[in-house]
Each structure stands twice: as structure tokens, then as C-alpha cells.
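Contents: one structure, followed by commentary.
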Amino acid sequence: MPAAKRRRLSPPESADDKFATQTPAKSRHGKVTAGWDAEQDYEQRPRKHEKKKDANRLPIKTPDGLIQQLAVPEPEKSEEVDNDSFLGTSSDEGESEEVEEEEETKPVKTLRQQIFEAKEELAKFAETINEDPEEHVGGLKQLAHIADSSNVTIKKLALATQAAVYKDIIPGYRIRAMGDDALKEKLSKDVKRLRSFEQSLVHGYKDYLSALAKCAKNSKQDAPEDLRSLATVAIGCACNLLLQVPHFNFRGDLLKILVDKLSTKSIDADFAKCRSTIEKLFEEDEDGNASLEAVQMITRMIKARHYNVHESVLNTFLHLRLLSEFSSKGSYDRIDKVEEDRPRGKKSYKKEFRTKKQRKLMKEQKSIEKEMKEADAAVSHEERDRMQSESLKLVFVTYFRILKSRAPSLMGAVLEGLARYSHLINQDFFGDILEALKDLITDAEELDTVDEDVENDADAASIAARNATRESLLCVITAFALLQGQDATKAASGLHLDLDFFITHLYRTLYPASLNADIELSAQSLHLPDPSISTPTANNKVNASTTAVLLLRALSSTLLPANTAIRAVPPTRLAAFTKTLLTASLHLPEKSTRALLALLNKVTRVHGRKVAALWNTEERKGDGVWDPLLAGGRGRLEASNPFASTVWEGHLLRHHFSPAVREAYKGVEKNVVEVLKGS
């Protein structure tokens, strides 16, 4: 018998398997044990193929002649692991603790690195959204997530980036809210995509405005520095969005941020930015809708604050476009509509013959024009007039309430505002305003008679806050401006208003005003400002005129009225004012004296015949004594008897130290001499 061929077993396929053993064909225990060893080999294999470390030992050759890789022994567990297992800690918990320790040991990023990474992410999301807003509208949520950072610098960068992105992707129309019926409609794929983009845009924009309002509340002076800087960025974003996209949704939220800042007592750069934004919105608003909403919010705020606001807030009404565009007259309760002259009866039109093709072309042309008008959003004149009428009524309501409440800090702004709106005030409201102005002048006269030694400090402070001379001059200017703003025929026939009260008060103010050392200073420039403090209200020119300028404006309205219906000035009034002004010019500063003589030059050129008798010393037109203080005239200017005196002040003015004053008075005398020669 040939010898049996011995079968040689091959080594296992996996050299990394540490449990794999080589089973020889011939065992010392026989064939039974050989089969048992094969099953034992299968049983000892791991159930889960875990990733083991690579063996670092070299393979060895067994006594049977086979090459075998030795298994790497497992490291023994420490006693700490045994103790943990005894306490019931599983191996999974140990692994999680090790992961947490590894995470904690990671190096913390520096602040500069965090800001750099945030800039890169913001730029990436902004560029992606601008490329295709409808496709990547989800990037708005990513920008909002970055804006929730606790780092103030990153938060400011995110707010500014969101403002720039929204300004670019907001459409030129207002997005309406979707109803239940709209959701059930069957739409095309493009329309669904567009609607999804619009709704996502509206929700993201609303959340962004809420974040801006929350950050803008920290603009108070007692807030921390970092929060105030964040509030400055938020207010700047709101101002830019209001000017760029005033037509879009949630315009009231933007206006609320600005009006809340205008209601504060701190006058800083943010206050000036909000005020200038409101003024620019009034100037650029064409349809009047945004202006009406802003006026409503400002008037409500002023009333809620009990008129304790800065006067520059009230001066924003002077930038409304209705001052130059609105043609009707109104008051605080109604608007007088302009009646157009329309021919009565039906108009007769001559029917023109057109072919069928011509009628079809005309119909198509009309439909195209209608679509173009809707696309351009052309605002009808009726709608604009309605918006401006409501705005005008709100402005007059605010002005009249402040006149009644006697708010000392707002009287100058109100009176100058009424003078600017004089051409839009109807006759019924005109009488109410004049009565209020008379009450103000009476209060101003009482302030002048108050003793300087005031017992109560609060009363002294309130009196110091009011300038009686400025208030009375503004009342006179406003009264004449209101009358000059009316129609000439209506002013002569329908009004029947007497302005002698204002003229007499102006005459009484001349002598005290000429002795005022601060006549060439305004209420805002009485004291030099600190150069280290910024003055955001420096550009405001409303109620910033000096007392001398106000006096000249009042005298021009009295002696040289622009309205032809009241141009006839009595000779006695002209003579009394001329004589008193020449006396006052001896006490005024050089610039004021030159301005006053320039006014008298115009008066003698227009009314030379009425006042020429003052320079004629040989002939007198009056008997008695000249009473400049109206002591015996019982308050009547005509009873002062001005023609009983002569202009002796002219001799002193000819020898004035200023050459400009001497030349100005020579012009006055020249006009008088020409009148005397002509007579």
C-alpha cells in the first residue's frame, strides 16, 4: 500500500486575528481532539469585529513549519477601572467621560480668531443669498443664528450684514399675508417657489426688526459702553432701511425705533441721526402714506410725553412736502376742499368713425397703458391730497395743544411753524390762533414785571427758561404772517381782524430791546458751547434767529406789509415808529444799527411823504408834547403825537464812529430831501 499523503493546512486569512490558531492534521490526542479543536477555534472568535491595533511583532515559525503571527496581549485594566465597575459604571460611560475630557482639553479660540471666522461666514452667506435669493433664502436663518452670538462685535457685524442683505433682496412691492384660500390654490412650480421665498423673507425680516428694536433700547446714557455701541449700530440699520425700503412691510416697526429714540432726553449723535432720517423721509415721500404714519406716531409720542420733548422733534414737521404741494386750507378739525370750476351739463362729443381694426388696436393700447400705470405705481392726486390733509390736521392739532398748554421749551418752534403754515390755515382757525397769541403776549408782559428776587427756585428756573422778548416778537411775526398768508380779497372783506394789539406791543418793545446787551445773540448761542462736546443740533436753523433779526422781521411786517389789502399804513403810526427807531439806533450795536437804518431807508423810499415832516423843523403838524412811552395815550399809538417832535438823532448819526452807519443815515436823509423838493 502506498503511504498516505499528509495534508498540509494553510494559515488563517486574517493575520490580525489574535485568536486564530493553526490546527495540525495530526494531534497527539487523535482524530476526536482534532475535530474538537476546530470547533473551539470558531467559538473563540469574537462576535463583534472591533478595530484592533496593528501588531508590532514579527511573525514566527511554529514547530509544524507554519508561519504564524503572534497575538498582542491586551493591557491590563487599572484598579480605578475596576473600582468604577464595582460602583456600577459601565464601559460606555467611561468612554463618554474620556471624550468629554478630550473636548475640554482642546485649545480655546482667541477673540480675534472668532471674529475673523465670523466675518468669513457672514461674507459667505451674504454672497450666496445675493446670487440667488429664491434658492438660498435659508441663509437668512444662518445670519440670524450668527447674530445671536454673545460677542458684541460679532453681533454688530451680523446686524449690519443682515441690513445690507435685506436691502438688496427686498422687492419693490409690499408682500400681502397669505390666507387659507391661497394655500389651497393650484399653482405652478415657479409661483410656488416665489411665494415660498416671499413668506420666508417676511418672517425673517420681522424677526430681524424685533432684534433691532431689542438692541436699540440700550441707547440710554446709563447703559454699558458695549451695549450703547450695539444700540448705535441697530439704530443706524433701522435708519438705512427706512430710507431705502419705506414701501415694504413692517414700516411701523422701523418708525417706532426712531420715535422711541426721539422721545428720550439725551441729545446725542443717535438722536440727530433719527431726526435727520425722519426729515429726509418727509422730503422724499411722494404718496404721503409714510409721512402720515410718521406724523401720527410723533404726535402721539409728544402728547404721551406731555410735550416734554426737544423742540427739534417738532421742527421735523417743517420738512413735510405738503408745505409746497398742498393747495387747500384747513384747521385741526376739517379741510376746505378747492372747488374747481366745472362746466355744468353734459358735454357733447363728436363721434369719430373707426374701423374694426382701429378699435382693436386702441383697445390693446389702453390695456397696455393700464398695465404700465400699475407697474409704475402711479399715485393719484386724490389719494395724495387725502394723505396730506390728514397730516395737516394732525400738525395743527399738535400746534394748538402746545399753545394752550404753554410749554415754554416749544413755544418758539410752534410759533415759527405756524408762520410757515400760514398759507394753509383757514379763517376759522385764524381767529383761535390770534386769541392764543394775545394770551401769550399778555403772559410775556407779566414776566417782564416780575421782580428779579424770586423766592422759589423752581419759579426762577421756569422764568429763566422763557425769553419774554423773543416770545412776544415771535407772536407778532406769526400774527402778520398768518394775515399775509390769506387771500388779499378775503383778508380785506371777510376777516375783519384788528392787529392793533400786536402793533402796540411791538412799539412798547423797541426801547427795552435797544438796551438789551444780548440782542445780537440767539437763545441757543447765548453761551459758548463746550468744544469737547458734540452738538448734533447745530445744523438746526429753526428758532435760531437772534433777537435783532426777529425785531427787524416784525418791523418789516408792520411798516412794509406784503399784503396789498393791509398795505395802507396810517401816517401817525409810521411817524411814531420812525422817531422811536432813530432813538433806539443810538443805543444798538453797530450791526443792528446798520440793519435798522436800512429798514428806515426802505420806509422813507415808500412812505416818504408821510414821514417827511419829522425832518422839517420850521413847520409842525402837531400840537402838544411827544409822548414816546404812551403814558398819556392810554395804550393808543396814534395818541403819542409824533409830529410834535423833530429828528434830532440825525445829527448824532452823522457823526457816528462807524463809517457804514454814517453812510446808511445819509441814504435816509437823501430820500427825505427828494420828497421835500418834490413837494
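The numbers here are math on the coordinates, done by the rules we state, and not lab data. What you see is a predicted model; the values in this text were computed from it and never measured. Note that each Cβ is placed from the backbone with ideal geometry, even for glycine, and that neighbours are counted across all protein chains shown.
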Could you please rank Val397, Val675, Val313, placing first whichever residue has the fewest other Cβ atoms within 10 Å of its Cβ?
Val397, Val675, Val313
What FRET efficiency comes out for Arg605 versus Glu286 if R0 is 45 angstrom and r is the Cβ-Cβ distance? Round to the nearest 0.05.
0.50
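Specify whether the C-alpha gyration tensor of region 569-679 places it in the rounded, prolate or oblate class, a ≥ b ≥ c being the square roots of the eigenvalues: rounded for a/c under 1.5, otherwise prolate if a/b is larger than b/c and oblate if not.
Numbers: a/c = 1.85, a/b = 1.31, b/c = 1.41.
Oblate is the answer for region 569-679, as a/c is 1.5 or above yet b/c matches or exceeds a/b.
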Which net charge results when you count Lys and Arg as +1 and Asp and Glu as -1 among the other residues whose beta-carbon is under 13 Å from that of Cys274?
+1
Under a plain spin-label model, where a point goes 7 Å from the Cα along Cα-to-Cβ, how far apart in nm are Tyr511 and Ile67?
13.1 nm
Please list, in order along region 362-370, the HN-Hα scalar couplings obtained from phi with the Karplus expression 6.51 cos²θ - 1.76 cosθ + 1.60 (θ = phi - 60°), rounded to whole Hz, x for Gly and Pro.
5, 5, 5, 5, 5, 5, 5, 5, 5
Based on the Cβ-Cβ distance from Asn616 to Lys217, what FRET efficiency comes out when R0 is 56 Å, to the nearest 0.05?
0.15
Can you put Ile477, Ile115 in order, fewest other beta carbons within 10 Å first?
Ile115, Ile477
Suppose every Lys and Arg Cβ carries +1 and every Asp and Glu Cβ carries -1, with no other charges. What dipole size does region 120-235 come out with about its Cα centre, to the nearest 20 debye?
440 debye
For Ser219, enumerate residues with amide H under 5 Å from its amide H, sequence gap 5+ or separate chain, H modeled in the peptide plane.
none
In Hz, Karplus ³J(HN,Hα) per residue of region 569-578 (6.51, -1.76, 1.60; θ = phi - 60°; x = Gly, Pro):
9, x, x, 4, 5, 5, 5, 5, 5, 5
Ranked from highest to lowest mean number of other Cβ atoms within 10 Å per residue, what is the order of the peptides 504-514, 358-368?
504-514, 358-368
Calculate the spin-label point distance for Ser266 paired with Lys366, positioning each point 7 Å from the Cα along the beta-carbon direction, and give it in nanometres.
6.2 nm
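How would Glu127, Glu669 line up from fewest to most surrounding beta-carbon atoms within 10 angstrom? Walk me through the intermediate numbers first.
Details: Glu127 12, Glu669 16.
Ranked by crowding around the Cβ, least crowded first: Glu127, Glu669.
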Amide H contacts under 5 Å for Ile425, placed H, 5+ residues apart
Gly330
Evaluated over region 210-274, the Cα radius of gyration and Dmax, each in Å:
11.2, 35
Sequence-distant or interchain residues sharing an amide H contact under 5 Å with His310, placed H: which?
none
Can you compute 3J(HN,Hα) from phi for each residue in region 663-671, using the Karplus curve 6.51 cos²θ - 1.76 cosθ + 1.60 with θ = phi - 60°, rounded to whole Hz and x for Gly and Pro?
5, 5, 6, 4, x, 5, 5, 4, 5
